[in-house]
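Each reported figure results from applying straightforward, stated rules to the coordinates on display, with no laboratory input. Only a predicted model underlies this, so the values are computations on that prediction, with no experimental measurement involved. Note: ideal-geometry Cβ built from the backbone for every residue, glycine included; neighbour counts use all protein chains shown.
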């Protein structure tokens, strides 16, 4: 697996974790008066990024860039 495929996967993982922590921060910080949808938006971004990561891994598998190995 070359850098062309590793870099987007690692960046997506970092963005997923950052979005998760952002949602946790908004959940703890918001009092419910200002903007109630910030938590939902942060978690929606995380779900979309996870779907993109999953799609990228499936694409890598079917294109032959990812090879399964035995355990």
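Percent of Cα-Cα pairs per 5 Å bin, from 0 to the last occupied bin, for segment 3-63, please list those.
4, 19, 23, 18, 12, 10, 7, 4, 2, 1
What does the helix-only formula give at 222 nm for the chain: each DSSP H stretch with n ≥ 4 adding -39500 (n - 2.57), the total divided by the residues, and the result rounded to the nearest 500 deg cm²/dmol?
Calculated mean residue ellipticity at 222 nm is -26500 deg cm²/dmol.
In nm, give the distance between the simple-model label positions of residue 18 and residue 52, each being 7 Å from the Cα along the Cα-to-Cβ direction.
Those two pseudo-labels are separated by 1.1 nm.
May I ask you to compute the full-extension gain from residue 41 to residue 65, defined as 0.36 nm times their residue separation minus their alpha-carbon distance, rounded to one decimal in nm?
5.4 nm
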